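Let me begin by presenting the structure, written as structure tokens, before commenting on it.
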Amino acid sequence: MKALPWHRRRNRPETLKYTALDDGLYRYLVQCRSGGEDSLLEALRNETRRKFPEDAPMQIPRDQGAFMTLLTAATGACDAIEVGTFTGISAIYIARGLPKDGRLLCLDLSKEWTDLARAYWTKAGVAKKIELRLGPALNSLKKLERIRKFDFAFIDADKPEYDGYYELVLPHMRKNGLILFDNMLWGGRLGKKKPPTHPAGLAIDALNRKLAHDPRVASVLLPIGDGINLCRVLS
């Protein structure tokens, strides 16, 4: 086939390069990850579905959890914080990436959810790494010790409060620390011609745009799970 002249190639529209997932391709993606199936985490997923059927979809997916463990370990994180713990599966993924003397601070509002989390942290052998503080996350963040610093943060709680969590967590992050925000594609409802009107959608969209232009961080929005906004702290 004869190549197009350079001036015609220059004016051709850009081809967007991405792979759309269907159920089969997603299952393949999940299967092709290190570690494979984990009987303890599957037991926790199943017990969460039995005890909290309406809330169970809040559990992070397997590929996202593996990604978080990999990031935590690869960056050498020793001190981590999680805003929004639910039944503890994300905390296990993070704690597994921390060294033996690593520490993870978990903030959540629900004793009922986190009682289940505590039981599985013990079974997973990570309970000694984890400190849990119950109460509204904004209040807990405001009460953080001034000298408390983190290498890794995972934010997955009340969406309209995301920006508030960010501004309170950021001063406690070490340079080059990572902040991960969950559900940042809001079920695929962002990026449409019609902007969101729901408070959660509005908050997530506003934060995505803020992070893209915030000189304090470098950020990238990734299509993992329901969307992760991954930020590296610059100073």
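Rule-based calculations on the coordinates, nothing more; no lab input. Fair warning: this is a prediction, and the values are worked out from it, not measured in the lab. Virtual Cβ from ideal backbone geometry, glycine too; neighbours counted across all protein chains shown.
Numbers below:
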item	result
Taking the C-alpha atoms of the stretch 98-235, convex hull volume expressed per residue in Å³	123 Å³
Most fluctuating residue given options 128, 17, 111, as computed from a GNM of the chain linking Cα atoms under 10 Å	17
Kirkwood Rh and Cα Rg combined as Rg/Rh, the stretch 125-193	1.02
From phi via Karplus (6.51, -1.76, 1.60), per-residue ³J(HN,Hα) for the stretch 75-88 in Hz, x at Gly/Pro	8, x, 4, 10, 10, 9, 9, 10, 9, x, 10, 6, 9, x
Alpha-carbon spread of the stretch 17-88, three principal axes, descending order, Å	39, 34, 24
Distant-in-sequence amide H partners of residue 103 (H built 1.01 Å from N, under 5 Å)	79, 80
Rounded to whole Hz, the Karplus (6.51, -1.76, 1.60) HN-Hα couplings of the stretch 183-191, x for glycine and proline	6, 8, 9, 6, x, x, 8, 9, x
At R0 = 35 Å, FRET efficiency that the Cβ-Cβ distance of residue 34 and residue 198 yields, to 0.05	0.45
Residue 220-residue 115 pseudo-label distance in nm [points 7 Å out on the Cα-to-Cβ vector]	4.3 nm
For residue 173, distant residues with modelled amide H under 5 Å away	150
Gain in span if fully extended, residue 14 to residue 234, counting 0.36 nm per residue against the direct Cα distance	76.1 nm
Kirkwood hydrodynamic radius over Cα pairs of the stretch 173-226, then Stokes diffusion coefficient at 4 °C and 1.567 mPa s, in µm²/s	106 µm²/s
³J(HN,Hα) computed for each position of the stretch 91-105 - Karplus, 6.51 cos²θ - 1.76 cosθ + 1.60, integer Hz, glycine/proline x	4, 5, 4, 5, 4, 5, x, 7, x, 4, 9, x, 10, 10, 9
Semi-axes of the equivalent ellipsoid for the stretch 69-175, Cα gyration tensor, largest first, Å	19, 18, 11
Alpha carbon centroid spacing (whole Å) that separates the stretch 96-113 from the stretch 61-80	13 Å
Kirkwood Rh and Cα Rg combined as Rg over Rh, evaluated for the chain	1.02
